[in-house]
Amino acid sequence: MIHTNSKINVSVNDTTKGRITGRRERLAGTTGTIRAIPNHRYSFKHWEDALGNIISTDDKLVITNWSAGDYHAVFGNIVLTYQDFVNQDAVET
């Protein structure tokens, strides 16, 4: 039996907002996980496929039946509200 590896392509919308961890190449047909990790003051939004369809909102993307494909991690800004500042001020005093 011949075992072949399959490689996926991953990208992020803005490398200043986050990064991706996990092996990009695995044995074809196996299950693997890649993870999107936001940088400080940013948040992970979702994963997209090559067509721009949202395929997951979980930062850990589990790919079953590993095969060549394209995945894109989307990060965004954390939006702070007035209440966030009030709560922080209460903690600091």
Being surrounded by fewer than 12 Cβ atoms within 10 Å (Cβ to Cβ) and under 22 Å from residue 51 (Cβ atoms) is the filter here, so list the residues in segment 1-10 that pass it.
9
Contact list, first residue from segment 3-20 and within 15 Å of residue 65 (Cβ to Cβ) and among the polar types (S, T, N, Q), second anywhere and open to solvent by 40 Å² or more (accessible area, probe 1.4 Å) and not in a strand (DSSP E or B), beta-carbon distance below 7 Å, six or more apart or interchain, is 4/28; 5/28; 6/28; 6/67; 6/68
Restricting segment 69-80 to residues that are open to solvent by 80 Å² or more (accessible area, probe 1.4 Å) and not in a strand (DSSP E or B), the one farthest from residue 23 (Cα to Cα) turns out to be 80
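Of all residues in segment 26-47, how many are part of a strand (DSSP E or B) and over 17 Å from the mean Cα position of the chain (by Cα)? Let's see the steps before the verdict.
Filtering segment 26-47 for residues part of a strand (DSSP E or B) gives 26-27, 32-38, 42-47.
Narrowing the set further to residues that are over 17 Å from the mean Cα position of the chain (by Cα) leaves 26-27.
Here the count works out to 2.
Please determine whether any residue of segment 83-93 is without any contact (Cβ under 8 Å) to a residue 12 or more places away in the chain and among the small types (Gly, Ala, Ser).
Among the residues of segment 83-93, at least one is without any contact (Cβ under 8 Å) to a residue 12 or more places away in the chain and among the small types (Gly, Ala, Ser), which makes the answer yes.
Taking segment 20-63 as the search range and keeping residues that are within 15 Å of residue 78 (Cα to Cα) and hydroxyl-bearing (Ser, Thr, Tyr), which one is least open to solvent (accessible area, probe 1.4 Å)? Full working, then the answer.
Taking segment 20-63 and keeping what is within 15 Å of residue 78 (Cα to Cα), we get 37-46.
Checking which are hydroxyl-bearing (Ser, Thr, Tyr) leaves us with 42-43.
Values: 42: 67, 43: 28 Å².
Out of the qualifying residues, it is 43.
Per-residue answers, yes or no, for (1) modelled with pLDDT of 90 or more; (2) in contact with a Ser or Thr (Cβ under 6 Å, 6 or more places away or on another chain); (3) closer than 17 Å to residue 8 by Cβ:
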| position | (1), (2), (3) |
| --- | --- |
| 32 | yes, no, yes |
| 36 | yes, no, yes |
| 47 | yes, yes, yes |
| 56 | yes, no, yes |
| 69 | no, no, yes |
| 75 | yes, no, no |
| 81 | no, no, no |
| 89 | no, no, no |
So residue 17 clears everything in (1) farther than 23 Å from residue 80 by Cβ; (2) among the basic types (Lys, Arg); (3) crowded, with 17+ Cβ neighbours inside 10 Å except one condition, right? Which one?
(1)
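The values are calculated or read from the model by the stated rules, or taken from the named source; none is laboratory data. This one's a predicted model, so the numbers in the text were calculated from it and none came from an experiment. Note: ideal-geometry Cβ built from the backbone for every residue, glycine included; neighbour counts use all protein chains shown. Calculation scope for accessible area: heavy atoms of the full protein, side chains included, ligands and nucleic acids excluded. Shrake-Rupley method; radii C 1.70, N 1.55, O 1.52, S 1.80 Å.
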